[in-house]
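Q: Next up is a structure, given as structure tokens.
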Amino acid sequence: MLEIRDLHVQFHEADHEAVRGIDLTVGDGEIVGLVGESGSGKTVTAMMISGLLRPEQAAFRGQILLDGRDLLTSSGDTLRSIQGRDICVVFQEPMSAMDPTMRIGPQVEECLRVHTDLPPKKRRELALQALRDVDLPEEEVYRKYPHELSGGMLQRAMIAAAILPRPKLLLADEPTTALDVTIQAQILELLRRLNRERGMSILFISHNLAVVRKLCTRVAVMEKGHIVESGPVDQIFFHPQAPYTQRLIAAIPTRRKL
């Protein structure tokens, strides 16, 4: 469904590439983890997939194929039709990603206003359903502002906005990092359920290998812009081949419990 081929990315002010010729695939209905330390290139990869990096910011080459369409060479109109509909993003810090001056409901509905001609009543109905789907009290949350929700509720609201258009691919960039362990487990179970019920593919980006092992079936490991190793999750965790992967696994505090 998603196929990245020989992707290179270099910011104009930088003297080296942030992403160096990576290959990565995400199949239909698959949950793939992309892991590595800060600065490894995983978030830059996500920004390229989602179209958040443009030519005025960085030079790039290679291919990013979504169902055979190359996102790097597509027209602006084609990209706008894909972004927020076929590909949606859940960010690490929802308070920064959401508009503090707008109520939650209109923000959840935004993709429908951009990509459909649905009337306001229907948009509201679908937004309420999306909030129910992520286990939120929909009428109450719909009317609230971001600062009135807890971190876990706000992250669920962002996931509701992301799943509302029923995207083919959900990019989850460190979506549980700012949450406590209990809420983190709830968000992971929510993503697992959405994947199972909707067949939605997920690229889960994280530096937390223990979290990745709980959610993903396949993992790619990034170091300094390269993918140094990829494979099924148990192979990566129990039989790592690359020295960098071995160091990451050895650094997990709860390794004996994996």
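The values are calculated or read from the model by the stated rules, or taken from the named source; none is laboratory data. Please read these numbers as outputs of a predicted model, since none were measured by experiment. Here Cβ is always computed from backbone atoms with ideal geometry, including for glycine, and neighbour counts include all displayed protein chains. With ligands, DNA and RNA removed, areas are computed over all heavy atoms of the protein, side chains included. Shrake-Rupley method; radii C 1.70, N 1.55, O 1.52, S 1.80 Å.
Q: Among (1) out of contact with any strand residue (DSSP E or B) (no Cβ under 9 Å at 6 or more places or on another chain); (2) closer than 30 Å to MET48 by Cα; (3) of a type outside the set (A, V, I, L, M, F, W, C), there is one condition LYS168 misses while meeting the rest; what is its number?
A: Unmet for LYS168, out of (1) out of contact with any strand residue (DSSP E or B) (no Cβ under 9 Å at 6 or more places or on another chain); (2) closer than 30 Å to MET48 by Cα; (3) of a type outside the set (A, V, I, L, M, F, W, C): (1).
Q: Within region 63-107, can you find the residues that are in contact with a strand residue (DSSP E or B) (Cβ under 9 Å, 6 or more places away or on another chain) and farther than 22 Å from LEU170 by Cβ?
A: Residue satisfying the conditions is THR73 alone.
Q: Then there's this: Working only within region 159-190, note down all residues that are of a type in the set (Gly, Ala, Ser) and open to solvent by 10 Å² or more (accessible area, probe 1.4 Å).
A: First, the residues of region 159-190 that are of a type in the set (Gly, Ala, Ser): 160-162, 172, 178, 185.
Matches in region 159-190: ALA161, ALA178, ALA185.
Q: Another one. State yes or no: is LEU194 assigned to a helix (DSSP H, G or I) and within 20 Å of ALA46 (Cβ to Cβ)? Spell out how you get there, then give the answer.
A: Details: assigned to a helix (DSSP H, G or I): yes; within 20 Å of ALA46 (Cβ to Cβ): yes.
Spelling it out, LEU194 is indeed assigned to a helix (DSSP H, G or I) and within 20 Å of ALA46 (Cβ to Cβ).
Q: Under the condition of being among the hydroxyl-bearing types (Ser, Thr, Tyr) and within 13 Å of the chain's Cα centre (by Cα), which residue from region 194-235 is farthest from ALA178 (Cα to Cα)? Let's see the steps before the verdict.
A: Filtering region 194-235 down to residues among the hydroxyl-bearing types (Ser, Thr, Tyr) leaves 201, 206, 217, 230.
Within this subset, residues satisfying the condition of being within 13 Å of the chain's Cα centre (by Cα) are 201, 206.
Working: SER201: 23, SER206: 12 Å.
Ranking the candidates gives SER201 first.
Q: Could you pull out the residue among GLY29, GLY21 that is in contact (Cβ under 8 Å) with a residue 40 or more places away in the chain, in a strand (DSSP E or B) and of a type outside the set (S, T, N, Q)? Before you say what the answer is, go through the steps one by one.
A: Details: GLY29 fails: in a strand (DSSP E or B).
Sole residue among the options that is in contact (Cβ under 8 Å) with a residue 40 or more places away in the chain, in a strand (DSSP E or B) and of a type outside the set (S, T, N, Q): GLY21.
Q: Please work out which residue is surrounded by the fewest Cβ atoms within 10 Å (Cβ to Cβ), limiting yourself to region 94-116 and to residues that are charged (D, E, K, R) and more than 15 Å from LEU154 (Cβ to Cβ). Reasoning before the result, please.
A: Just the residues of region 94-116 that are charged (D, E, K, R), to begin with: 99, 103, 109-110, 113.
Still in the list and also more than 15 Å from LEU154 (Cβ to Cβ): 109-110, 113.
Working: GLU109: 24, GLU110: 16, ARG113: 12.
It comes out as ARG113.
Q: Identify all residues within region 202-220 that are in contact with a Gly (Cβ under 6 Å, 6 or more places away or on another chain) and either aromatic (Phe, Trp, Tyr) or assigned to a strand (DSSP E or B) (or both); write none if there are none. Walk me through it before giving the result.
A: In the first step, residues of region 202-220 are kept if they are in contact with a Gly (Cβ under 6 Å, 6 or more places away or on another chain); the result is 204, 212, 216, 219.
Result: PHE204, VAL219.
Q: In the list VAL114, VAL108, which residue meets the criterion of being of a type in the set (Val, Ile, Thr) and either farther than 20 Å from GLU93 by Cβ or modelled with pLDDT under 90 (or both)?
A: Details: VAL108 fails: either farther than 20 Å from GLU93 by Cβ or modelled with pLDDT under 90 (or both).
Matching residue, one of VAL114, VAL108: VAL114.
Q: I need the full set of residues from region 184-215 which are more than 17 Å from ALA162 (Cβ to Cβ) and small (Gly, Ala, Ser), in order please. So that I can check it myself, show each step before the final result.
A: We begin by selecting, within region 184-215, every residue more than 17 Å from ALA162 (Cβ to Cβ); these are 184-185, 207-214.
The answer is ALA185, ALA210.
Q: Just the residues that are at pLDDT 90 or above and part of a loop (DSSP other than H, G, I, E, B), please, taken from region 40-52.
A: The answer is SER40, GLY41.
Q: Pairs only if they're at least six apart or on different chains, beta carbon under 7 angstrom, first in region 194-210 and under 23 Å from ASP86 (Cβ atoms) and in contact (Cβ under 8 Å) with a residue 40 or more places away in the chain, second polar (S, T, N, Q) and assigned to a helix (DSSP H, G or I); list them, first residue then second.
A: ILE202/ASN195; ILE205/THR43
Q: Would you pick out the residues in region 206-227 that are among the aliphatic types (A, V, I, L, M), buried (at least 18 other Cβ atoms within 10 Å of the Cβ) and either farther than 14 Å from VAL32 by Cβ or in contact with a helix residue (DSSP H, G or I) (Cβ under 8 Å, 6 or more places away or on another chain) (or both)?
A: LEU209, VAL211, VAL212, LEU215, VAL219, VAL221, MET222
Q: Another question about this same structure. Which members of region 7-39 meet the condition of being modelled with pLDDT of 95 or more, in contact with a His (Cβ under 9 Å, 6 or more places away or on another chain) and of a type in the set (S, T, N, Q)?
A: GLN10, the sole residue that qualifies.
Q: Where residues in region 54-82 are within 20 Å of PRO167 (Cα to Cα) and either of a type in the set (A, V, I, L, M) or in contact (Cβ under 8 Å) with a residue 40 or more places away in the chain (or both), which of them is surrounded by the fewest Cβ atoms within 10 Å (Cβ to Cβ)?
A: Out of the qualifying residues, it is ASP67.
Q: In addition: Starting from region 163-182, keep only residues that are under 20 Å from GLU197 (Cα atoms) and of a type in the set (D, E, K, R), then list their pairs with residues that are open to solvent by less than 10 Å² (accessible area, probe 1.4 Å) and part of a loop (DSSP other than H, G, I, E, B) whose Cβ atoms are within a distance under 9 Å, requiring at least 6 positions of separation or different chains.
A: ARG166/MET200; LYS168/MET200
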